[in-house]
Amino acid sequence: MLLQKTEKARLELSPGVRTLSLRERSLLLLVDGKPLSDLQAMYNGIGAQIVENLMRQGYLTGPATPGGAAGAPGQASSRAPSVQRPEPGETLRSLAGARMYLFDTCERLFARRSPELAEQFRNALRAAKDRASMLDVGEAMFEEVALAAGGDRAASLREKFEQLLPLETSTVLTS
């Protein structure tokens, strides 16, 4: 099914008017002649939400019920971008990611200043295969950071590390 731009959409696309996000504007530009399914598949699937929002806000007309009509009720007004990024969640948490963060921290803070200490931390990180041992190495590293750069720096690094660690306690690295 094909959608059509409303007068409100034509005004939005006129020079000097910018109330929608770039994605919303680009989708409006592509509406004419594109099937609804193509528009909904745009932007890694977020197109369905954008189409729904544009229809609800009066920029598009077409089918009575847009596909994916289960949109969020608390969307932003037409002055603000109506597509919101998802908050970082459990998908960003991994033991491997936390381990790489500690390796990076080790290289940045200890490799030049104290090569022996950096080598000790590298070896400990290679041996750390579960969450508990990773926490132990991280705490030892953050204690050294506190001595070298202060408690605030250590606390900020620890906070980021904890955001990367998986919540479950049974995770084990195999390499």
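The values are calculated or read from the model by the stated rules, or taken from the named source; none is laboratory data. Keep in mind that this is a model prediction, so the values were computed, not measured. Positions of Cβ are generated from backbone atoms using ideal geometry, with glycine treated the same way; all protein chains shown enter the neighbour counts.
Where residues in region 122-139 are among the aliphatic types (A, V, I, L, M) and surrounded by 14 or more Cβ atoms within 10 Å (Cβ to Cβ), which of them is farthest from the chain's Cα centre (by Cα)? Only one residue fits best here, namely Ala124.
Residues that are touching a Pro at 6+ places or on another chain (Cβ under 9 Å) number at least 1 in the following helices (runs of 4 or more DSSP H) confined to region 96-175: 131-149, 151-164.
Could you please find all residues in region 110-121 being surrounded by 14 or more Cβ atoms within 10 Å (Cβ to Cβ) and out of contact with any helix residue (DSSP H, G or I) (no Cβ under 6 Å at 6 or more places or on another chain)? Talk me through it step by step, then tell me what you get.
Of region 110-121, the ones surrounded by 14 or more Cβ atoms within 10 Å (Cβ to Cβ) are 110-111, 114, 117-118, 120-121.
Those that are surrounded by 14 or more Cβ atoms within 10 Å (Cβ to Cβ) and out of contact with any helix residue (DSSP H, G or I) (no Cβ under 6 Å at 6 or more places or on another chain): Ser114, Gln120.
Looking at this structure, is Leu95 at pLDDT 85 or above and in contact with a strand residue (DSSP E or B) (Cβ under 8 Å, 6 or more places away or on another chain)? It is false that Leu95 is at pLDDT 85 or above and in contact with a strand residue (DSSP E or B) (Cβ under 8 Å, 6 or more places away or on another chain).
For region 1-33, give me the residue count where each residue is free of Cβ contacts under 8 Å to residues at least 40 places away in the same chain, of a type outside the set (Lys, Arg) and not in a helix (DSSP H, G or I).
Going through region 1-33, the residues free of Cβ contacts under 8 Å to residues at least 40 places away in the same chain turn out to be 7, 10-11, 13-18, 22, 25-33.
Going one step further and asking which of them are of a type outside the set (Lys, Arg), we end up with 7, 11, 13-17, 22, 26-33.
Now narrow it down to the ones that are not in a helix (DSSP H, G or I): 13-17, 31-33.
Selection size over region 1-33: 8.
With respect to being surrounded by fewer than 12 Cβ atoms within 10 Å (Cβ to Cβ), modelled with pLDDT under 85 and touching a helix residue (DSSP H, G or I) at 6+ places or on another chain (Cβ under 9 Å), Ala72 fits the description. Within region 34-62, the set of residues being outside any helix (DSSP H, G or I), more than 17 Å from Leu11 (Cα to Cα) and out of contact with any strand residue (DSSP E or B) (no Cβ under 7 Å at 6 or more places or on another chain) comprises Lys34, Met42, Ile46.
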